[in-house]
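One structure is given here, and the rest of the page talks about it.
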Amino acid sequence: MRRFSAVASFFIIACQDPTTESVDTTVCASGTRWVGGDEESANMNPGEACIACHSRGEGPSFTLAGTVYDESRQADDCYGSVGATVEITDAKGKVVKLGLVDSGSFYSHESLTMPYTAKVIRDGVESKMLTPQSNGDCNACHTVSGVSGAPGRILAP
């Protein structure tokens, strides 16, 4: 039995994701923080301006990307919300529904006609963005404190 425990412990340690770390919920409400730097992953760098970084020629191009949180004052790299959907409606009425990856981030390669409107939906409850936008780099404005009129992070209802 003791030998099995040692082997099991080895596999648990060896299989942990080296790009994340568990942190106190006073640091990140989710209890998880990205520590993988620029390691390629759909979960990389939650809260940071996705398109600004991806437009430098590394990684895929996005037309729209951001991170949804459950609490407003979450630092960059804190994992965000789960179980919500981001719904984008472009100027021509095209609707794009985006699920969240494990880090709470969402992204799209879909062609969109600007400006667009956005809402976050969870458990049938909606949180709508009040002003149509032309910048698809959602985290560029939805920072910890918010810039360009954004109230802070994108929040799930």
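For the reader, a short list of remarks on this structure follows.
- Of [x] -0.53, -0.69, -0.96; [y] -0.92, -1.00, -1.11; [z] -0.48, -0.64, -0.91, the label for log10 I(q)/I(0) by the Debye sum over Cα atoms at q = 0.12, 0.14, 0.17 Å⁻¹ derived from the coordinates: [x]
- Extension gain (nm, one decimal) between Asp123 and Gln16, 0.36 nm per residue minus Cα-Cα: 35.5 nm
- Summed side-chain charge close to Thr89 - residues other than Thr89 whose Cβ falls under 13 Å, Lys, Arg +1, Asp, Glu -1: +1
- Relative contact order (%) - the chain, alpha-carbon pairs under 8 angstrom, separation at least six: 22 percent
- With a cut-off of 11 Å on the backbone N, the residues of the stretch 74-117 near the modelled label site 7 Å out from Ser134 along Cα-Cβ are 114-116.
- Of all the options Lys92, Lys119, Lys128, the one that moves most in a Gaussian network model of the chain with Cα springs shorter than 10 angstrom is Lys92.
- Between Val82 and Cys53, the simple label model (points 7 Å from Cα in the Cβ direction) yields a spacing of 2.1 nm.
- Packing-based exposure ordering (other Cβ within 10 Å, fewest first) of Phe62, Phe106: Phe62, Phe106
No lab work stands behind these numbers, since they all come straight from the coordinates. Note that the structure is a prediction, hence the values are computed from the model and not measured. When we count neighbours, we look across all protein chains shown, and the Cβ atoms used for this are built from the backbone with ideal geometry, even at glycine.
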